[in-house]
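Presented below is the structure to which this report refers.
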Amino acid sequence: MRPSLRLSMTLRDWKWRFLVPFVGRWRAPCPSVDGYTILLPSPMDMPFLLRFALEGLRHQDTSHCRQIIVIPDGYGTGGANALQQVVDSCGDPRVELARLRPAAHFLVHRIGSSLGGINPEWVYWAMVIEGINRAKSEYIFLHDADAFCLEGDGLERQYRECRDRGMSTLGVMARWDPFFREIGYTIPGTYELMFSARWVRRHGPLDLKARLRQTTHGIRAFDTMLYPQFEDYPSGKVGILDPPLQVVHFSGAITMYRAFCDRIGHGQPVVDEYFRLLFLALMEDLLPSPSGDRLLLSPSKLAQGLDDPSAAVTYGSPRATREYPAFRAAIEDVCNSPIFRGPRAEQIRASIYPFDRHYEKELAATKPSADGRLGGTIIEPSVGSELAGKRLQFLTEIVPGLSRLAILLNPSNPSHGQALEQMQTAAQSQGVELYVARAATPDKFESAFATVIAGRADALIVLADGAFINNYPRILAFTEMNRLPALFPKKEIAEAGGLMAYGPSDPPRLIHRGANAADLSIEPPPKFEFAINLKAARALGLTVPPTLLAIADEVVE
C-alpha cells in the first residue's frame, strides 16, 4: 500500500471512531410490521420537488406501504418549515417529517463545512440512517425525489418480488463501477432500492457510509450502501428486478439548482446543457407553491436563452444540442406516466415547444446533407397495395402495440393520393388509426410535425418525395427528438440514423417529355431495398425481431 494511501485510511479510521458514539449504532429494535416504508430524502430548499414526489406516489399503487418518511437534508434556512407545510397539506396520514437529529446535523453540516465544505455523500448517508432508524416496516424503499416511476404498480411489484424471494436488496439498475464489472458483481445502485430492514441492521450504520475499504481485491471506494451489498453478494440475495422497474431519473437536478442559485446570486450566467433547470421549471409550473412564489425562471423565460447568449440561463452549447434528444425522450416518458398523463402532459409539451423547434433545426444541421439534390418530381413506386402492406408490416413487427400511425405526404405530389388510399386500407384492416400530416414544401414541415404530435402517433411513414428526401435531416431530427419510430423511403436515411427504410435505391420520377399531360411517363422502379438501423432501435428502446433482420438488405450497426 502506498504511504499516502495508508495515511489517508488511518485518518479516515480516526474519523469513523469519532462518529461511533453519535451514529455508530441503530437506535431502535428491528421493525416487524409487514409491508414497506418509503424513505424520501428531500432538499430543504426545494419544497416543490417534495410536492412532485408525493404527487407521484399518490398516483402509484402503494397498498403495502405503511409509512412515508420525508428527511430534510438541512440545506437552506427555515428549519424545514416549507417541507413541513407540504407534508401537512398532502392529506396522506402515512407521511411524516423526520429531521436529522441535532448531533447528526452538526456532524454533517457544521463539522463538514469547517473541513472544507459540506460533503453531499455525508449528508445523504445521514438522511438514510435517520430514515432506517425511524422505519417501522420489514422492508424499506429508498426513493429519489427527482425520479418518476412509469408503472402504476411498479412499487408493489418490486416489494412482492423482494419479499417472496427473500432478497436482501432488490434494485432497478446496476451500478456502473468498473470494479464490480471486473469481478462480475451486478450490484444495484441506491436510487429506487428496496431492501430488508433485518438485512441492513445486521450491518452497522458506518458500514453504509461511502468510504475506502480494504477488500481481497485491494483498496476500493464504495458509495453509500454499496459495501454491505458487496460483502453479501455471494449469498444470491442481492440483485436487480427483472424486468426492471420503468423509471425516469433526472439525476443532477438538485445540484444544478443550487449551482444556479449561487451563480445567479453573483451575477454569473448558467449553461443548462443537461436541461435540469428546464425540468424543474416545468415541474414548478405544474405544481406551484400555494403562495404563488416561484423559485425558478418560467419555461418561457428559459426559452430566451436559446438564442440570447446574454440571458441568465443559456442553451447554446454543442453539448446541449447533443443532449436534448435524450432529455426530450425522458420528458415524453414522464408525460406518459400516471402522474402527468392527460392535461398535465399537454401543458408540458406546449411549454417545451420552442425548445423542440430550436433543436430540430440544430440537430438537422449536424446531419449529413442529402447526397446530391434529386431533381424531377419524385413519386411513390406504382406497385399497388403491396407496398402499403409491407410498410405497415415492418412497423407493427418492431413497434409493440402500434395503434396510431402518422403518414407524411406532399399534397402536390401526384402519386401521394393513391398511396394514401392504399395506406388507409391497410391500416383499417389491421385496426390501426391513421393520421395524415401534409407538407408541400419545407416551410410547411413545422405544421406537419405539429399534426403528428397532436395525433400522439406511435410511428411515422415518410412517403417518397423530393422535398422530403432532399431535406431529410430535418425530418430525421424531428423523429429523434420525439422518440418516434419512422420508416423512410431511402436506405441512405437509415444509414444516417433513421430507424428503417424501405424503397427503391433510386426513387422513380415523373419524366416530362412534352407540354401535355399525355407526354408524362414514369420511370420503372428498380429492386426494393430494406434497411434497419440497430443503434436507432436501441435508442428508441425497441427490439428488432429476427424475422426483420433475416429479410433486411442492410443492417446498420
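The table that follows gives values for the structure above.
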{"quantity": "Candidate set from the stretch 198-228 (those that are more than 25 Å from residue 154 (Cβ to Cβ) and assigned to a loop (DSSP other than H, G, I, E, B)); member that is nearest to the chain's Cα centre (by Cα)", "calculated": "210"}
{"quantity": "Residue 219 being modelled with pLDDT under 90, of a type in the set (Val, Ile, Thr) and assigned by TED's automatic domain parsing to the domain that holds residue 131", "calculated": "yes"}
{"quantity": "Unmet criterion (only one of (1) crowded, with 21+ Cβ neighbours inside 10 Å; (2) aliphatic (A, V, I, L, M); (3) farther than 20 Å from residue 122 by Cβ) for residue 39", "calculated": "(3)"}
{"quantity": "Among the candidates 208, 245, 226, 212, residue that is within 23 Å of residue 151 (Cα to Cα) and either in contact with a Gly (Cβ under 6 Å, 6 or more places away or on another chain) or touching a residue at least 40 places away in the same chain (Cβ under 8 Å) (or both)", "calculated": "245"}
{"quantity": "Extreme residue, farthest from residue 28 (Cα to Cα), among residues of the stretch 202-225 that are small (Gly, Ala, Ser) and exposed (fewer than 15 other Cβ atoms within 10 Å of the Cβ)", "calculated": "218"}
{"quantity": "The stretch 384-405 residues that are assigned by TED's automatic domain parsing to the domain that holds residue 537, paired with ones that are of a type in the set (Lys, Arg) (beta carbon under 8 Å, 6 or more apart)", "calculated": "404/456"}
{"quantity": "Only listed residue being of a type in the set (A, V, I, L, M, F, W, C), in contact (Cβ under 8 Å) with a residue 24 or more places away in the chain and not in a helix (DSSP H, G or I), chosen from 195, 179", "calculated": "195"}
{"quantity": "Among residues of the stretch 28-78, those that are over 16 Å from residue 91 (Cβ atoms), among the polar types (S, T, N, Q) and assigned to a loop (DSSP other than H, G, I, E, B), counted", "calculated": "3"}
{"quantity": "Qualifying residue in the stretch 235-251 (condition: loosely packed, with under 15 Cβ neighbours inside 10 Å, part of a loop (DSSP other than H, G, I, E, B), at pLDDT below 95 and of a type in the set (Asp, Glu))", "calculated": "yes"}
{"quantity": "In the stretch 252-261, the residues that are surrounded by 20 or more Cβ atoms within 10 Å (Cβ to Cβ) and within 22 Å of residue 86 (Cα to Cα)", "calculated": "253, 254, 257"}
{"quantity": "Segments classed as strands (runs of 3 or more DSSP E), wholly inside the stretch 448-531, with at least 3 members that are under 23 Å from residue 553 (Cβ atoms) and either modelled with pLDDT under 90 or assigned by TED's automatic domain parsing to the domain that holds residue 437 (or both)", "calculated": "459-462, 486-488, 500-504"}
{"quantity": "Tally of residues being surrounded by fewer than 18 Cβ atoms within 10 Å (Cβ to Cβ) and either in contact with a helix residue (DSSP H, G or I) (Cβ under 6 Å, 6 or more places away or on another chain) or over 19 Å from residue 277 (Cβ atoms) (or both) across the stretch 345-356", "calculated": "2"}
{"quantity": "Matching residues in the stretch 121-146 - criterion: being of a type in the set (A, V, I, L, M, F, W, C), over 25 Å from the mean Cα position of the chain (by Cα) and part of a loop (DSSP other than H, G, I, E, B)", "calculated": "135"}
{"quantity": "Residue 284 closer than 19 Å to residue 55 by Cα and of a type in the set (Asp, Glu)", "calculated": "yes"}
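The values are calculated or read from the model by the stated rules, or taken from the named source; none is laboratory data. Predicted model, so just to flag it, every value in this text is computed and none were measured. Methodologically, a virtual Cβ is constructed for each residue, glycine included, from the backbone with ideal geometry; neighbour enumeration extends over all protein chains shown.
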